[in-house]
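Structure first, commentary second.
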Protein chains: 2
Amino acid sequence: MTATPDGHDEAMMRRALDLARRAASLGEVPVGAVVYETDSGRVLGEAFNRREQDRDPSAHAEFLAIREACRAVSDWRLNHCSLAVTLEPCPMCAGLIVNARVGRVVYGTDDPKAGAVRTLYALLNDDRLNHACAVVPGVLAEESAGLLRAFFRSLREK
Amino acid sequence: MTATPDGHDEAMMRRALDLARRAASLGEVPVGAVVYETDSGRVLGEAFNRREQDRDPSAHAEFLAIREACRAVSDWRLNHCSLAVTLEPCPMCAGLIVNARVGRVVYGTDDPKAGAVRTLYALLNDDRLNHACAVVPGVLAEESAGLLRAFFRSLREK
């Protein structure tokens, strides 16, 4: 189910892009994520990718933001929330989105290597799983893709 | 790629079953998991499902065990390790197994509702992703399935 951006989505994506820039400044692949209440826009969790710093294969931006939001509401269910993330989630993160019952997912650029929302898999819209959510792809996609391109170009030039 | 049980696999699955029983005693869905060095059998991480207690949608047994193992070796890569888990991993956990480059996965019973190793998806053997691993399904499967059946029966009788 593909939807269009709603009230808070673009502002939240700009916040996620700022987080992605902080990741890049620390030498991490630049991805940022924000979890917010869909109606109010209140932020419950936000993070950037910290895999290298934390030496933790689960430390993707959206994964950390969702866990922080669950702590904020003392529940593992986030049906009333939206997630804005600059890059299409991988299978691990899409699986967490299903497990946490996140209501909506707004994302920036597609991930041809591991995208599990519509590129390699469509995990968020599989009738066999026990949750499906609205998906808004392509929000500020060029800004997100530009950050990733610049990051990998700078790695190659080192 | 399906393989057969190796030296330490059955002992590790018995340990994972003991962990699953501890989960059940706390009212959690009984799933247990152990991460061990494939050659030596040295245990690097072990856990049982703690989703309700932790109010954390990522607190599946194998997820916690893998993160513990990464902390033990100070690395996000576990190519030299095997994971024994009593239930077929879900998409989130299979995604983490790929992201953490776990070398081998030994599991007990198939999960018809969310299994992402061979039931609904085959995430551990997808050439498009950047890691594939050996899979040993069905190890002590009846014991694992029996624990799950007894747990859900006791819930219905409450």
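Remarks
- Looking across region B:99-111, the residues that are within 13 Å of chain A (Cβ to nearest Cβ) and crowded, with 23+ Cβ neighbours inside 10 Å come down to B:N99, B:A100, B:V102.
- Residues that are touching a Lys or Arg at 6+ places or on another chain (Cβ under 8 Å) and within 20 Å of B:A94 (Cα to Cα) were ranked within region A:62-82; the one that is surrounded by the most Cβ atoms within 10 Å (Cβ to Cβ) is A:L64.
- Residue, farthest from the other protein chains (Cβ to nearest Cβ), within region B:112-132, restricted to residues that are under 14 Å from the mean Cα position of the chain (by Cα) and small (G, A, S): B:G115
- B:P89 being in contact (Cβ under 8 Å) with a residue 12 or more places away in the chain, more than 7 Å from chain A (Cβ to nearest Cβ) and surrounded by fewer than 23 Cβ atoms within 10 Å (Cβ to Cβ): no
- Residue match in region B:133-148 (condition: within 11 Å of chain A (Cβ to nearest Cβ), in contact with a helix residue (DSSP H, G or I) (Cβ under 8 Å, 6 or more places away or on another chain), crowded, with 19+ Cβ neighbours inside 10 Å and not in a helix (DSSP H, G or I)): no
- Any hit, region A:68-79, residues being touching a Pro at 6+ places or on another chain (Cβ under 7 Å), facing chain B (nearest Cβ under 8 Å), more than 21 Å from A:M13 (Cβ to Cβ) and basic (K, R): no
- For region A:27-56, a residue qualifies if it is within 13 Å of chain B (Cβ to nearest Cβ), among the acidic types (D, E) and surrounded by 20 or more Cβ atoms within 10 Å (Cβ to Cβ), and the qualifying residues are A:E28, A:D56.
Read the figures in this text as sums done on the coordinates, not as results from a lab. Only a predicted model underlies this, so the values are computations on that prediction, with no experimental measurement involved. Here Cβ is always computed from backbone atoms with ideal geometry, including for glycine, and neighbour counts include all displayed protein chains.
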